[in-house]
């Protein structure tokens with residue numbers, strides 16, 4: 001029950017602060033108001049970009065992990081496969097088949 005009261009008081013305090021800030025904004029000059037608005041817009045853009053970055057970070061990390069795993073598999077030299085042209089490079093056999101020892105003579 002105490003946390004609900006605390007949250008309610010915090011919310012009420014935030015509303016009071018916003019109202020006082022908007023009231024004070026009305027009494028400053030036009031140039032200062034423009035500077036204040038620009039500073040607030042910069043601050044708001046910074047906060048939203050950081051929140052979005054934090055929100056999207058796990059997905060980006062998973063994607064990077066998948067790409068790293070795929071690169072490791074390719075580096076280990078898994079079996080070759082034929083490309084049938086759907087990738088745009090025609091009928092090409094991939095590098096694993098070229099790694100065999102060949103007798104030159």
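Rounded to two decimals, the Cα radius of gyration of the range 2-77 over 2.2 N^0.38 Å is 1.99. The fewest-to-most ranking of 28, 72 by surrounding Cβ atoms within 10 Å reads 72, 28.
No lab work stands behind these numbers, since they all come straight from the coordinates. Note that the coordinates shown come from a computational prediction; the quantities given were computed from them, not determined experimentally. A quick note on method: Cβ atoms are made from the backbone with ideal geometry, for glycine too, and the neighbour counts reach across all protein chains shown.
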